[in-house]
There are 4 protein chains.
Amino acid sequence: MLEQLKKEVLEANLSLVKNGLVILTWGNASGIDREKGLIVIKPSGVPYEKMTADDLVVVDLEGNIKEGSLKPSVDLPTHIELYKRFKDIKGVVHTHSDYATSFAQAKRAIECYGTTQADTFYGDIPLIRELTQEEIAADYEKNTGLVIIESLGERHLDKPGCLVSGHGVFSWGDSPRKAAENALVIESCAKMAFQTLLLNPEAKPVPAYLAKEHYERKHGSNARYGQGEKE
Amino acid sequence: MLEQLKKEVLEANLSLVKNGLVILTWGNASGIDREKGLIVIKPSGVPYEKMTADDLVVVDLEGNIKEGSLKPSVDLPTHIELYKRFKDIKGVVHTHSDYATSFAQAKRAIECYGTTQADTFYGDIPLIRELTQEEIAADYEKNTGLVIIESLGERHLDKPGCLVSGHGVFSWGDSPRKAAENALVIESCAKMAFQTLLLNPEAKPVPAYLAKEHYERKHGSNARYGQGEKE
Amino acid sequence: MLEQLKKEVLEANLSLVKNGLVILTWGNASGIDREKGLIVIKPSGVPYEKMTADDLVVVDLEGNIKEGSLKPSVDLPTHIELYKRFKDIKGVVHTHSDYATSFAQAKRAIECYGTTQADTFYGDIPLIRELTQEEIAADYEKNTGLVIIESLGERHLDKPGCLVSGHGVFSWGDSPRKAAENALVIESCAKMAFQTLLLNPEAKPVPAYLAKEHYERKHGSNARYGQGEKE
Amino acid sequence: MLEQLKKEVLEANLSLVKNGLVILTWGNASGIDREKGLIVIKPSGVPYEKMTADDLVVVDLEGNIKEGSLKPSVDLPTHIELYKRFKDIKGVVHTHSDYATSFAQAKRAIECYGTTQADTFYGDIPLIRELTQEEIAADYEKNTGLVIIESLGERHLDKPGCLVSGHGVFSWGDSPRKAAENALVIESCAKMAFQTLLLNPEAKPVPAYLAKEHYERKHGSNARYGQGEKE
């Protein structure tokens, strides 16, 4: 079942490796069929070069396995929380891509230093707080999702991803492909922000009116970028 | 129409991806047929891996579409202004290549620290001022072209490109291929300048006589580099 | 003899090049057959692109050549000491991968700034002290192994690799493949730690309870990562 | 004539591109037949992807073209001076590889921070002084060779390359292949030295006895590295 979605989720997972966002098994992508309430996700610890659509695991929103002989990614509970709360997203991605993760390790949000970031993020790429010892001990992966939701509230549409302190990146979108693309945007903006800060430690974010211009050029009802397709 | 120019513009666009200057759809290249007064440019938001010569859009110098079923790049008005004022150029390129964009975000010109840059740029790679809120609100892409022209005046031949503050790179040349090559020169020199400044924050530009020697070795009537072809 | 082990050792050596950890002949991987007490190791100074399983050298734990017409890697005595003392490892790798080697040259251990490192290393990637002039003069490669053992004691299971001051990386694992994978983990964590420290020179390691959570998620009897295979 | 040497010179030139040391036409490699006193060198400004052995130019030690329809590299006079004075070398390479060139632009020699560099360079990779205005005006490329010779004296065997201030890299060896390999060693050591200095601005070179151990392990009559081939 869900053959088309499986194909999209497999492609999103493989694109992470191709774009240099994931090495070894350090990442995962999922997609959701909102009508059926079923998630397709990468299996845990399976090398990307051997993965096929049949290896993907189908689960419901309570995490029950509905199809597949492998165990799902250990990060599944994080994906589930994001799907439950952000009801308009259809894909979630997790990476440890290296520039973005370096910001997460340095405990710094990625300020919006230029229009490249403004095209996708309305302002900074937020840094989510560290989990407490209790949150880690009790239900680590689920609580990771909850702290993201706690921080972002309803801003998840103009902030399609974030950095989790000391950990890595979560991103999302209206398809697995778009979630993976946002993971690439985050890494690329992180690299540029890193270099910007080394060249000018006092660098300032772009003015709000420039960020708005670029964001709205690509998003919303007056978008003039692209061929008129739904973003 | 313009089959040969379309081929050159397609190749210039694809070279940006191949050389690592562009990811996703973050860049565009165009070329102009000066006799006919027609520009061939990348369509907006179309993935590079799927683009063919037939997807390219033909427009006149007022931006009217003369051929093609897709919308042209949103940056077309910038290209048009550059073609109108810099009458000897035949190709324009825009990228968000990461080292160069980092200088644009840090609000620093790229000083000429070595002969690598002097071979193409007579002195620094200039930083163009930020647009005002009014310039952004009124006609953003056209005004981007105008501030480049305002800053460069007639120096566009020995400065075949620039950084736009908080944004990215524009470059040009006497063909789409040469404009794309200059975008690569800018990124490569930006990377070296970045590293130079981290190794020596007090690094000084090369003396004018060395810059002149290298620039003239490659350009002008006494050039001794290459096989005598027109640059 | 040892055809299967030779295949694994060849693949581990080639993976070092493929993953960008080794250029020229700057690295080596070996594996051991614990029952027979025989080591298979890369020959010295042979280019990777020409290497075949037949070029690998079989030696015993005293370094006597048992099969092969080529000389073994000059680092063989280091491998032998590690195999003798760390009795549960079955693969050893040596690289000069550039971020990790930069930490070794800067005389800094790689602190555990995030969960990426915590998944493999329980805490820091240790820096092994410089050898003394006497240790270098007498039996350099053997003494390199001895100082690693002196520093790590019995911690080699939750520290599957280290940096040797002014030199490079040694890593190990329960197979040649796993030793090579750990060399990649070290380089990747080194790159992120480098970037973290440039973004925040006061960056702190993750709390012990987060490191423990991630380490135990992947290792030990309660591991929930992967498909239940032996690590 | 000189078919075998042309093949080696072509391969050395192409290896520069493959190893990421050269983009566009920013580099050149040559080789010499000492018996005939003839040099084979890359033509000026010809793209690497189109170059064939037939495009290479044969010149004598006075720079007279003996075969070939193209103009030789503008850097030929530098190569000639090096061949004339360093009588045991048989290959010369010039690059603008980016980390090494950054040191040249920052006016810093590359100190020997680790054994990776010590395996090829006995101590630092030297920085050659800037040419004076007179030296640049009179005979720029020839004088570039002369200042290298002035600085290195007879140390060119244990220093098989250098950085020219504000310019780039020259390297050499007993074959075109070895000269190109030394250019790769210089770039790789430059990258590690760059990172080392950012991690520890007070980093110190390795002790002389460790540098000596590594250098002599690979070079000289007691070398124990490799398969006994002549270096």
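Legend: residue pairs A:Lys50/B:Lys18; C:Lys36/C:Lys87; A:Lys204/B:Lys204; C:Lys90/C:Lys159; A:Lys178/B:Lys50; B:Lys7/B:Lys178, Cα-Cα distance threshold 19 Å; pairs beyond threshold, A:Lys50/B:Lys18; A:Lys204/B:Lys204. Computed 3J(HN,Hα) for the range D:99-116, one whole-Hz value per residue from the Karplus formula 6.51 cos²θ - 1.76 cosθ + 1.60 where θ = phi - 60°, is 6, 5, 5, 5, 5, 4, 6, 7, 6, 10, 5, 9, 5, 8, 8, x, 6, 4, glycine and proline marked x. What's the FRET efficiency of D:Ala223 with C:Glu62 using the Cβ-Cβ distance as r and R₀ = 22 Å, to the nearest 0.05? So the FRET efficiency works out to roughly 0.40. For the chain pair B and A, buried accessible area totals roughly 2900 Å², probe 1.4 Å, rounded to the nearest 100. Distances between equivalent label points of D:Glu67 across the copies, with each point positioned 7 Å along Cα→Cβ, amount to 4.7, 4.7, 6.7 nm, shortest listed first.
The rotation axis that maps chain D onto chain C passes nearest to the beta carbon of this chain D residue, listed with its distance in whole angstrom: D:Leu198, 4.
Here the contact order of chain B, divided by its residue count and restricted to Cα pairs under 8 Å and six or more residues apart, works out to 22 percent.
Convex hull over the alpha-carbon atoms of the protein assembly as shown: what's its volume per residue in Å³? It would help to have the intermediate numbers written out before the result.
Numbers: hull volume 155.5 nm³, N = 924.
Per residue, the Cα convex hull of the protein assembly as shown comes to 168 Å³.
The shape of the range B:54-104 can be summarised by an equivalent ellipsoid whose semi-axes, obtained from the alpha carbon gyration tensor, come to 23, 16, 9 Å from longest to shortest. Rolling a 1.4 Å probe across the protein heavy atoms gives the range D:3-218 an accessible surface of 35 Å² per residue. For C:Thr120, the solvent-accessible surface with a 1.4 Å probe is about 20 Å², rounded to the nearest 10. Summing +1 for each Lys or Arg and -1 for each Asp or Glu, what net charge is found among the other residues whose Cβ lies under 10 Å from the Cβ of A:Lys191? Overall, the nearby charge balance is -3. Among the trypsin sites (Lys or Arg not before Pro) in the range B:16-108, those placed in a DSSP loop whose Cβ has at most 12 other Cβ atoms within 10 Å are B:Arg34, B:Lys87.
Here's the list of aspartates and glutamates a cross-link from B:Lys191 could span, going by alpha-carbon distance under 19 Å and ignoring same-chain residues fewer than 8 apart: A:Asp98, A:Glu187, B:Asp98, B:Glu111, B:Asp119, B:Asp124, B:Glu181, B:Glu202, C:Asp98, D:Asp98, D:Glu187.
Only loop residues by DSSP count here, and only those with at most 14 other Cβ atoms within 10 Å; note down the GluC sites (Glu not before Pro) in the range C:1-68 that meet that. Walk me through the intermediate numbers first.
Details: sites: C:Glu3, C:Glu8, C:Glu11, C:Glu35, C:Glu49, C:Glu62, C:Glu67; in loops: C:Glu35, C:Glu62.
Taking the range C:1-68 and a limit of 14 other Cβ atoms within 10 Å, the loop GluC sites (Glu not before Pro) found are C:Glu35, C:Glu62.
Contact residues in the range B:165-188 (at least 40 Å² less accessible area with all protein chains than alone, 1.4 Å probe): B:Gly166, B:Leu184.
Which shape class, rounded, prolate or oblate, goes with the range B:33-121 when its Cα gyration tensor gives a ≥ b ≥ c as root eigenvalues, a/c under 1.5 marks rounded, and past that a/b bigger than b/c marks prolate? Working shown, then result.
Numbers: a/c = 2.40, a/b = 1.64, b/c = 1.46.
It comes out prolate by the Cα gyration axes.
Among the trypsin sites (Lys or Arg not before Pro) within the range D:160-231, those in coil by DSSP and having at most 15 neighbouring Cβ atoms inside 10 Å are D:Arg224, D:Lys230. Taking other residues whose beta carbon is less than 9 angstrom from the beta carbon of A:Ile125, and scoring Lys, Arg as +1 and Asp, Glu as -1, yields -1. Estimated from helices alone, the mean residue ellipticity of chain B at 222 nm is -13000 deg cm²/dmol (sum of -39500 (n - 2.57) over DSSP H runs with n ≥ 4, per residue). For the range B:14-32, accessible area lost to neighbouring protein chains reaches 30 Å² or more, against the chain alone with a 1.4 Å probe, at B:Ile23, B:Leu24, B:Trp26.
Spherically averaged projected area of the convex hull of Cα atoms, chain A: 12.8 nm². Taking Cβ atoms as reference points and 13 Å as the exclusive limit, the residues near A:Ala180 contribute a net charge of 0, counting Lys and Arg as +1 and Asp and Glu as -1.
Could you tell me what percent of the accessible area of the protein assembly as shown is made up of carbon and sulfur, with a 1.4 Å probe and every protein chain present? Carbon plus sulfur share of accessible area: 51 percent.
The values are calculated or read from the model by the stated rules, or taken from the named source; none is laboratory data. Here the structure is a predicted model, which is why all the values come from computation and not from measurement. So basically every Cβ, Gly included, is an ideal-geometry build from the backbone, and we count neighbours across all protein chains shown. These accessible areas exclude ligands, DNA and RNA; they are computed on the full protein's heavy atoms, side chains included. Shrake-Rupley method; radii C 1.70, N 1.55, O 1.52, S 1.80 Å.
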